[in-house]
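Encoded as C-alpha cells, the structure appears first; notes follow it.
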Amino acid sequence: MCSSVTSLAEFKACSGKCKGGGQCGGAPRIWVVAACAGMVALFEKKSGGYLSLLPQAGRPVASSLEGFALHLAAAADDKKFDQLLLVGSANDISWIRHTLPQQASRSVSAEIEYPLVAGWFADASSGQLGSALDNVLAG
C-alpha cells in the first residue's frame with residue numbers, strides 16, 4: 001500500500017519561537033481522524049509519538065456521523081486539540097471534510113490518503129488501527 005499526503009501546510013515541528021517573537025505554548029495537541037466506509041475513530045498523538053484512542057460517547061468508534069460531529073464540535077469549542085490530521089481513502093477524506101463542524105475544519109493541517117481496513121474499526125480498541133496509523137504517520 002502506498003500513501004500520499006495532499007496537504008502538510010501547518011504540520012511541522014515547533015521551532016521554539018512563535019509569531020510575534022514569543023515562545024510557543026508547547027507542542028501542538030494533534031488529533032488524528034481515521035475514516036473508513038462511514039466509520040470514524042479519533043486518536044490523540046502523544047508526546048512520545050504514539051497514538052492513544054479517544055473514545056466517543058464511551059465507544060472506540062463513533063456510533064453515528066452526527067455524534068462524531070457533535071463530539072468534535074465540543075472538543076474544538078473546549079480547545080482540546082490544535083491540529084487535526086485526516087487519514088483514509090480519498091473518498092473517506094471527502095465525506096469527513098463535509099462532516100466536520102466549522103470550528104474543527106479550521107484545524108485540519110493534513111490529509112493523508114491511505115486506505116484503511118474496515119475490520120480494524122470493528123475492534124478499534126484492539127490496537128490494529130492504532131498500529132496502522134502509527135506506521136502511516138511514521139512513513
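Read-outs: derived from the displayed coordinates by stated rules, not from any lab. These figures come from a predicted structure and were not determined experimentally. In this analysis, Cβ positions are derived from the backbone assuming ideal geometry, glycine residues included, and neighbour counts consider all displayed protein chains.
Using the Cβ-Cβ distance between TYR50 and GLN102 with R0 set to 22 Å, the FRET efficiency works out to roughly 0.15. Full extension of the chain between GLU66 and TRP95 yields a length gain of 9.2 nm, computed as 0.36 nm times the residue separation minus the alpha carbon distance. Measuring from a point 7 Å past the Cα of ALA118 along Cα-to-C-beta, which residues in segment 32-46 have an amide N at less than 12 Å? In segment 32-46, the label zone of ALA118 (backbone N under 12 Å from the point 7 Å along Cα→Cβ) covers 36-39.
Between the amide H of VAL108 and those of LEU84, distances stay under 5 Å, these residues lying 5 or more places away or on another chain, with hydrogens modeled in the peptide plane.
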